[in-house]
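Colleague: Just dropping this structure here.
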Amino acid sequence: MATADIGLIGLGTMGSALALNIAENGFTVAVFNRTTEKMHAFMEEAGDLADRVVGCESLEDLAAALKGPRAIILMVPAGDPVDQQIEALDPYLDADDLIIDAGNANFRDTMRRMEALERPFLGVGVSGGEDGARHGPAIMGGGDPDHWARVEPVLTAISAKFEGAPCAALLGETGAGHFVKAVHNGIEYADMQLIAETYGLMRDGMAMAAPDIAPVFERWNGGRLSSYLIEISAKVAAAHDEATDGPLLDVIVDAAGQKGTGRWTAIEAQHLGTPIPVIEAAVSARNMSAKRDLRATLADAFGGSGKLELTEEALEAALTCGKVLCYTQGFDMLRAAAQAFDWTLMREDVARNWRAGCIIRSAMLDDMAEAFEIAPGKTLMEAPYFADILSETVGALREVVVKASASGLPVPVMAAALGYFDTMRMARGTANMIQGQRDFFGLHGFERLDNGKTGQHGPWADD
Ligand code: 6PG
């Protein structure tokens with residue numbers, strides 16, 4: 001009998017958590033997993049919530065369990081598995097049944113699927129890890145408003161709430177939801193790397209042990225930097241390892257994993273021609289972290305780093321400055337994408353969506369939403385509230401980058417943030433030299449400053 005309000009395919013960590021969240025919010029969810037044992041194990045784990053879960057052993061059963069027109073969430077790995085799942089489902093669905101891809105899809109795949117499929121389709125970014133999926137994630141929708149309206153009651157009910165407002169919204173057309181999720185992850189990489197660099201300065205430059213670093217992050221979490229990532233960094237630094245009777249952080253291998261979403265952000269920024277050097281540096285930093293053997297060899301060849309003197313306040317201010325510059329770039333990229341893809345994507349809606357539930361949730365996002373409302377079309381660097389923060393903190397970022405570099409301590413993302421700041425506040429840049437060079441070797445032409453004439457050439461044809 002068709003009793004279920006919504007279907008969910010893929011009972012991995014995120015899928016299971018999302019299904020339980022849906023059931024807990026009073027909706028009946030029909031679930032299917034490729035391996036049936038996993039579905040049975042999930043039904044066991046569901047406990048009291050199992051009353052509102054229909055476990056299905058086949059896609060045919062799943063289709064039969066759902067009220068029409070059907071809505072089915074896919075929580076399968078991004079890429080080919082999504083296409084395969086859509087194809088396998090198709091024979092059991094009616095023309096107006098809706099598929100919602102809630103995995104970490106590349107937005108270009110989402111756009112392709114929407115174009116090719118002759119059925120309603122939504123591309124939805126979900127953030128918050130397992131705990132978020134279970135108790136309230138941020139949900140970033142992309143697609144047709146009529147399709148979104150069909151599942152909005154479920155998605156808003158299960159989402160995180162910021163002061164009562166749901167962090168679930170249709171943010172734009174076609175691939176906008178998955179694009180926003182990719183930029184979220186790009187910012188996530190940079191936010192994490194900025195914290196890691198600060199940790200590195202305290203560990204290697206200031207000889208602080210992990211248990212001494214934890215309370216510093218804890219203090220910062222009580223101020224302007226208050227955020228989920230600072231909060232968990234304090235907990236990670238404080239964790240004790242039973243086996244070695246020392247800080248757990250000291251026995252974790254220093255090579256960061258990545259599933260590719262940060263990389264996609266960097267690639268798309270190049271397609272869009274929008275500068276996001278802070279995020280790009282964070283992706284590169286992960287790639288450098290993976291080269292452990294080479295780093296060990298080069299450490300032997302070139303020696304280590306020196307000590308440095310920095311106050312906790314300077315580090316906090318430098319981190320704040322880097323963070324504002326990182327978000328400036330991420331939000332600029334969203335604006336560039338909205339123009340390029342003709343999406344009605346509004347930065348204030350994205351900032352509001354990220355205020356709770358997602359990995360990059362932080363106190364600053366509420367102020368960012370307000371800044372975009374007050375100053376539409378402006379970057380964060382121009383918004384008065386954030387311009388004041390930058391003026392107040394950039395001196396500390398400069399001090400930290402200068403001292404760290406002088407001591408040979410790596411701060412690639414902080415340095416990228418400072419480089420961006422200094423480049424963008426330079427009214428007269430240095431690309432006149434680039435244009436001169438391009439004209440010299442390729443007769444590409446340049447524009448003159450004195451009379452505005454374009455397609456001009458230098459006298460070098462005779463050289
Ligand atoms: C989130 C996270 C989540 C996950 C990604 C990125 O918003 O909940 O971004 O999607 O952490 O898989 O992880 P990588 O670091 O492996 O790229």
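The values are calculated or read from the model by the stated rules, or taken from the named source; none is laboratory data. A quick note: this is a predicted structure, and the numbers were derived from the prediction, not measured. Cβ atoms come from the backbone with ideal geometry, glycine included; neighbour counts cover every protein chain shown. Note: areas computed on protein heavy atoms with side chains; ligands, DNA, RNA excluded. Shrake-Rupley method; radii C 1.70, N 1.55, O 1.52, S 1.80 Å.
Colleague: Which of the residue pairs 235/259; 161/291; 161/323; 259/323; 181/378; 38/181 have a Cα-Cα distance greater than 31 Å in the structure shown? Mind dumping the intermediate values first?
Modeller: Details: 235/259 24 Å; 161/291 40 Å; 161/323 24 Å; 259/323 23 Å; 181/378 22 Å; 38/181 28 Å.
Beyond 31 Å: 161/291.
Colleague: Using +1 at the C-beta of Lys and Arg and -1 at the C-beta of Asp and Glu, which of 137, 13, 49 has the Cα lying farthest in the positive direction of the dipole of the stretch 6-174?
Modeller: 137
Colleague: Suppose every Lys and Arg Cβ carries +1 and every Asp and Glu Cβ carries -1, with no other charges. What dipole size does the stretch 181-424 come out with about its Cα centre, to the nearest 20 debye?
Modeller: On the way: 21 positive and 33 negative charges, 118 e Å.
The calculated dipole for the stretch 181-424 is roughly 560 debye.
Colleague: Rounding to the nearest 20 debye, state how big the charge dipole of the stretch 415-463 is about its Cα centre with +1 on each Lys and Arg Cβ and -1 on each Asp and Glu Cβ. Intermediate results must be reported in sequence, preceding the final value.
Modeller: Working: 5 positive and 6 negative charges, 47 e Å.
Result for the stretch 415-463 is approximately 220 debye, rounded to the nearest 20.
Colleague: Which trypsin sites (Lys or Arg not before Pro) from the stretch 398-429 combine a DSSP loop assignment with at most 15 other Cβ atoms within 10 Å?
Modeller: Values: sites: 398, 403, 425, 428; in loops: 425, 428.
Taking the stretch 398-429 and a limit of 15 other Cβ atoms within 10 Å, the loop trypsin sites (Lys or Arg not before Pro) found are 425, 428.
Colleague: Shifting gears a bit: Of 393, 321, 443, whose Cα points farthest to the positive end of the dipole of the stretch 304-463 (charges on the beta-carbon: +1 Lys, Arg; -1 Asp, Glu; origin at the Cα centre)?
Modeller: 443
Colleague: To continue, here is another question. Provide the FRET efficiency to the nearest 0.05 for the residue 399-residue 131 pair, computing r from the beta carbons and using R0 = 35 Å. Let's see the in-between values first.
Modeller: Values: r = 37 Å, r/R0 = 1.05.
Computed FRET efficiency for residue 399 and residue 131 comes out at 0.40.
Colleague: Please express the Cα-Cα pair-distance distribution P(r) of the stretch 234-317 as a list of whole percents, one per 5 Å bin, running from 0 to the bin with the greatest distance.
Modeller: 3, 11, 11, 13, 19, 21, 14, 6, 2, 1
Colleague: With every protein chain in place, what's the accessible area of residue 14 (1.4 Å probe, Å², nearest 10)?
Modeller: 60 Å²
Colleague: First select every other residue whose beta carbon is under 9 angstrom from the beta carbon of residue 454; then total the charges, Lys and Arg +1, Asp and Glu -1.
Modeller: Result for the neighbourhood of residue 454: +1.
Colleague: Do any trypsin sites (Lys or Arg not before Pro) in the stretch 233-298 lie in a loop, going by DSSP, with at most 14 other beta-carbon atoms within 10 Å of their beta carbon, and if so which?
Modeller: Working: sites: 235, 259, 263, 286, 291, 292, 295; in loops: 259, 291.
Taking the stretch 233-298 and a limit of 14 other Cβ atoms within 10 Å, the loop trypsin sites (Lys or Arg not before Pro) found are 259, 291.
Colleague: Quick one: plug the Kirkwood hydrodynamic radius of the stretch 6-174 (C-alpha pairs) into Stokes-Einstein at 10 °C, 1.306 mPa s, and report D in µm²/s. Write down the numbers at each step before the final one.
Modeller: Details: Rh = 15.7 Å.
The Stokes-Einstein estimate is 101 µm²/s.
Colleague: On to the next question. What dipole magnitude, in Debye to the nearest 20, does the stretch 268-350 give about its Cα centre under +1 on Lys/Arg Cβ and -1 on Asp/Glu Cβ?
Modeller: Details: 8 positive and 12 negative charges, 68 e Å.
In total the dipole reaches around 320 debye.
Colleague: On to the next question. Which percent, to the nearest 5, of DSSP beta bridges fully inside the chain are antiparallel? All intermediate terms of the calculation are to be shown ahead of the outcome.
Modeller: Details: 11 of 34 bridges.
Counting only bridges with both partners in the chain, antiparallel ones make up about 30 percent.
Colleague: Please list the radius of gyration and Dmax for the chain, considering alpha-carbon atoms only, with Å as the unit.
Modeller: Computed over the Cα atoms of the chain, radius of gyration and Dmax are 24.8, 85 Å.
Colleague: Toward the positive end of the charge dipole of the stretch 151-236, about the Cα centre and with charges on Cβ (Lys, Arg +1; Asp, Glu -1), which of 172, 194, 223 goes farthest?
Modeller: Toward the positive end, the furthest listed residue is 223.
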